[in-house]
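One structure below.
Please treat every number below as a calculation from the coordinates, not as lab data. Predicted model, so just to flag it, every value in this text is computed and none were measured. Neighbour counts are summed over all protein chains in view; Cβ atoms, including those assigned to glycine, are modelled from backbone coordinates with ideal geometry.
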Amino acid sequence: MEIHRFEKLWLAAGILLIVGFIATVTYGAVGEGVAMVNDDGGTIDPTKVSEDANFSDPGVEQVGPHEYEAHIVAQQFLFKPGTSTPIRVPANSTVTFYVTSSDVVHGFNIVGTNVNTMVIPGQVAKMKVRFEEPREYGIVCNEYCGAGHHTMAGTIEVVPEDDYEGGA
Amino acid sequence: MSRADSGASRRAILRSTAGLATAALAGGTAGSAAAQGSEPDYGGWFDDVSNYDETVDKTGQDTVEIVVGASGNNGNFAFGPAAVRVSPGTKVVWKWNGKGGAHNVVADDGTFNSGSAVADAGTTFEYTFEEEGTYKYYCVPHKALGMKGAVVVGGSGGGGSSGGPPPEPDYGDWFSDVSNYDGTVDETGQDTVEVTVGASGNNGNFAFGPAAVRVSPGTKVVWKWNGKGGAHNVVAEDGTFDSGSAVADAGTTFEYTFDETGVYKYACIPHKALGMKGAIVVGSGGGGGGGEGGEPAGELVWTPGLLMFAGSVVLGMLSPILFSVFLRFKTGSWERPREFEPEGAVVDEKPAAPVAEEAPEEVAEVEIGHDEYDPFGTASLIVVYFLILVVLWIFMYFVEFLGRGPTVIG
Ligand SMILES: [Cu+2]
């Protein structure tokens, strides 16, 4: 069988493209450190979220130099904290979000970023996020959760490091 | 709840027949017609509140209780009763019944605020109403469902609408994205008028309370920071006044005395996009004043990224046409577009022009075998598709995915 040299060329280019795709994803995971949300956050009794040590008084807590933990409860139709009071974190910090739901499936998405997870009752979604610059971000619920779903939103305020005086 | 349903329909009937049938109603339903007559003008506040029927008269009582989580609005998303009239100095106690999830009580103009929403039965929140007026309030998480209420303090209520207020100034679309704007609050005749910076509104504490105020010329307006919603400032659209850079501290004040009549639009720069905008109307006129102000919200901004994206889409859609044009130019055969020139030795065997003249249609039917295809044409088509793939790949992963700010790293 005779294969034209052009055909050989684009067969090779096609294989190269596939290798390139795989290399890109590998680079994202290894080079840039992009991670997936997995089951590391553990489980929780969804009926007892308000009695849980971490979620009874959710909010931001400092756990180390430039290291913070944010516990957030999603419920119909608000983020606590987030909706009534913004989640406040300092710039130049690594924040680990622990998000859970006390009623139905919600979403937690920092608008315009890849920080996005489902919030499933009984599961704790854990996400580590690095905030470099002071900025205000929106949070939205992106899983239909009831009649007020379209109003379920909140705010994250990344404040300059020097101005930071405790989370929400 | 049947009471809610009958209330809604009776209201509709009353509304539609108010002009014509007052006399007919005067007999059997005199009581409710009279109540309707003295009902304050809530300005559409209760349009989507299923359990609102009329303002319940609780005047003369020291303490009035309102249930939070009452049945209504397709669930337990209501205040019971939705609207009450109380005497000045009355303590209103909101009592959570634990139904319908987490609720809170937030005044539309920022007068009172129970804080973040809680679900526990037995929770209470109280506020003593000293000043006469109509106080609208709502539950933040369930406002869209119709969980709204009002407390009317004193007399016949009616808010500012009874005295024949001056016409509402034309703000253009300045207030189109300001959730807490609900008409211009009349504060004329006062020496000093206070505006809260950080009032509840626009999905957080990103509002001026009240958003629009009418004052007399010579009035000193004092903006007072309540410390909520982050750092704010007060900057006039036309530069008349400017509080400087944004500050967050509660108790901060900024004042400006308005001597000239007109409409002064102002905003908090950090939160302008969220709808933190206000206006001061000086004098009873109002007209157009204030000029055209800011650019219309929501207009498409052609960022380089957007341009690149739009360009690739257009190019992608045009690529087949571009390619065919390219092919025709390459073969230089506008006159004989369907004729493919086989490679190599075959060229020599190509029939001379006369054949083409004799049977032009047959030329179009030339069969192209596997070995007779046009290698350059196919190759260039594939190159074009490769380029599109590579551009989309790079755009998707490196611009759209990796370039999106903070990301999950663990
Ligand atoms: Cu939700």
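Things to note:
- A straight Cα-to-Cα reach below 28 Å connects A:K80 with the lysines A:K48, A:K126, A:K128, B:K95, B:K99, B:K136, B:K143, B:K148, B:K224, B:K228, B:K272, B:K277, residues fewer than 8 places away in its own chain not being considered.
- Computed from label points 7 Å out along Cα-Cβ, the spacing between B:A379 and A:V30 is 3.5 nm.
- Taken residue by residue and averaged, Cβ atoms of other chains lying within 10 Å of the Cβ of B:389-399 number 2.
- With contacts taken as Cα pairs under 8 Å and at least 6 residues apart, segment B:185-282 reaches a relative contact order of 30 percent.
- In this entry, segment A:30-137 is assigned a mean projected area of 7.0 nm², taken as a quarter of its C-alpha convex hull surface.
- Theoretical ellipticity at 222 nm over chain A - DSSP helices of four or more residues, -39500 (n - 2.57) apiece, nearest 500: -4500 deg cm²/dmol
- Shielding value for B:141-150 is 4, the average number of Cβ atoms from other chains within 10 Å of each residue's Cβ.
- Length-normalised contact order of chain A in % [C-alpha pairs under 8 Å, at least 6 apart]: 24 percent
- Modelled FRET efficiency - R0 56 Å, A:I3 with B:I409, Cβ distances, 0.05 increments: 0.75
- Highest mean packing comes first when the peptides B:394-403, A:82-91 are listed by Cβ atoms within 10 Å, giving A:82-91, B:394-403.
- Inter-label distance, nm, simple model (7 Å from Cα along the C-beta direction), B:D191/B:F326: 8.0 nm
- Ellipsoid fit via the Cα gyration tensor, segment B:195-240: semi-axes of 20, 12, 10 Å, each the root of five times an eigenvalue, largest first.
- Eligible lysines near A:K8 by straight Cα distance, threshold 27 Å, same-chain separation 8 or greater: B:K330
- Ordering of B:111-120, B:95-104, A:6-15 by packing [mean C-beta count within 10 Å, highest first]: B:95-104, B:111-120, A:6-15
- Shielding by partners, peptide B:223-233 (average Cβ within 10 angstrom, other chains): 2
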